[in-house]
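Report on the following structure.
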Amino acid sequence: NGRFEIALRMNGVFGHPSLFANPVLMKFLTPLLGGNMMRLSSVTAVASFPGAAAQHIHRDHQQLFYEFAQIGPALPLYGVNVSVPLIDIDSVTGPTGIWPGSHRWPEQQKATAAGMASIPFQRGDCVLIDYRTMHTGLPNASQTVRPILYLVYSREWFFDDNNHRGRAPLDISAEQLRLLPPELGLLMLRAHQ
């Protein structure tokens, strides 16, 4: 549908700790995801090409224990999708549409167009989305490819086997991994899986 997810090799700028272990981001995420129990789950980019239609409305992962309607929405945060646009994004290039508060909705509740919020954001901005939040990529009506970097952080016990089945969650070489500061060992534990 004109939209492609790319598992990025973590080298060069994409493998630098100032990106995936940014001190400001870590200070914010650490108390939310359990300190030393937080893991970097994946590093990908989604490129939306000119003419790409609206993406289907979805959560990045279904509510946990979705068969019990009240449990999943009541659980604490277990995953955060950090979105970083690699170009300036406006209503023409197609921002992400988000349904505020939908992380607390039961799995069966449907999103309507009236409840969606979207804002333009600039290259390098950082948008944090609870993994349970309903969202969609809006149409790209521009003549420019719209790439967005996605860094997913989670609690140690959660692994997204829906979106990352059959592929390594982090594409980083053993040599690049050895060059990282030792204090990032737990954060990067998924690179060994």
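The values are calculated or read from the model by the stated rules, or taken from the named source; none is laboratory data. Computed from a prediction, not measured in an experiment: that's the story for all the values here. Neighbour counts run over all protein chains shown; Cβ positions are idealised from the backbone, glycine included. Only protein heavy atoms, including side chains, enter the accessible area calculation; ligands, DNA and RNA are left aside. Shrake-Rupley method; radii C 1.70, N 1.55, O 1.52, S 1.80 Å.
Coupling constants for the stretch 2-18 follow from the phi torsions by the Karplus curve (6.51 cos²θ - 1.76 cosθ + 1.60, θ = phi - 60°), and in residue order they are x, 10, 10, 9, 10, 7, 7, 6, 8, 9, x, 5, 6, x, 8, x, 5 Hz; glycine and proline get x.
Karplus-based coupling profile of the stretch 158-174, in residue order and whole Hz: 9, 9, 7, 7, 6, 8, 10, 5, x, 9, 5, x, 10, 9, 9, 6, 4, with θ = phi - 60° in 6.51 cos²θ - 1.76 cosθ + 1.60 and x standing for Gly or Pro. Largest GNM mean-square fluctuation across GLN109, GLN70, GLN122, computed for the chain with C-alpha springs under 10 Å, falls on GLN109. Before rounding to the nearest 500, sum -39500 (n - 2.57) across all DSSP H runs of length at least 4 in the chain and divide by the residue total; then give [θ] at 222 nm in deg cm²/dmol. So the calculated ellipticity at 222 nm is -3000 deg cm²/dmol. For the options LEU33, LEU179, LEU19, a Gaussian network treatment of the chain with springs between C-alpha atoms closer than 10 Å singles out LEU179 as fluctuating the most. Once all protein chains are placed together, VAL84 keeps about 20 Å² accessible to a 1.4 angstrom probe. Classify the stretch 31-114: rounded, prolate or oblate, from the alpha-carbon gyration tensor (a ≥ b ≥ c, eigenvalue square roots; a/c under 1.5 rounded; otherwise prolate if a/b is larger than b/c)? Since a/c reaches 1.5 but b/c is at least a/b, the shape of the stretch 31-114 is classed as oblate. Taking all protein chains together, PHE68, PHE158 sort by accessible area into PHE68, PHE158, largest first [probe 1.4 Å]. When the accessible area of the stretch 90-158 is split by element with a 1.4 Å probe, what percent falls to carbon and sulfur? The value for the stretch 90-158 is 57 percent carbon and sulfur by accessible area.
For the residues ILE98, ILE71, ILE148, a 1.4 Å probe over the protein chains yields an accessible-area ranking, largest first, of ILE71, ILE98, ILE148. Taking square-rooted eigenvalues a ≥ b ≥ c of the alpha carbon gyration tensor, is the stretch 80-177 rounded, prolate or oblate, where a/c under 1.5 means rounded and, failing that, a/b exceeding b/c means prolate? Cα axes put the stretch 80-177 in the oblate bin. Computed with a 1.4 Å probe over protein heavy atoms only, the accessible surface of the chain comes to 52 Å² per residue. Across the stretch 19-25, rounded Karplus estimates of 3J(HN,Hα) from the backbone phi angles (6.51 cos²θ - 1.76 cosθ + 1.60, θ = phi - 60°) give 8, 8, 10, 3, x, 5, 5 Hz, Gly and Pro being marked x.
Taking 0.36 nm per residue of sequence separation and removing the Cα-Cα distance, the SER173/PHE49 pair yields an extension gain of 41.7 nm. Basic side chains Lys and Arg get +1 at the Cβ, acidic Asp and Glu get -1 at the Cβ, and with that the dipole of the chain about its Cα centre reaches some 40 debye.
Taking 0.36 nm per residue of separation and subtracting the Cα-Cα distance, full extension of the segment from ARG165 to CYS126 would add 11.4 nm.
With a simple spin-label model that places each label point 7 Å from the Cα along the Cα-to-Cβ direction, the separation between THR30 and GLN109 comes to 3.3 nm.
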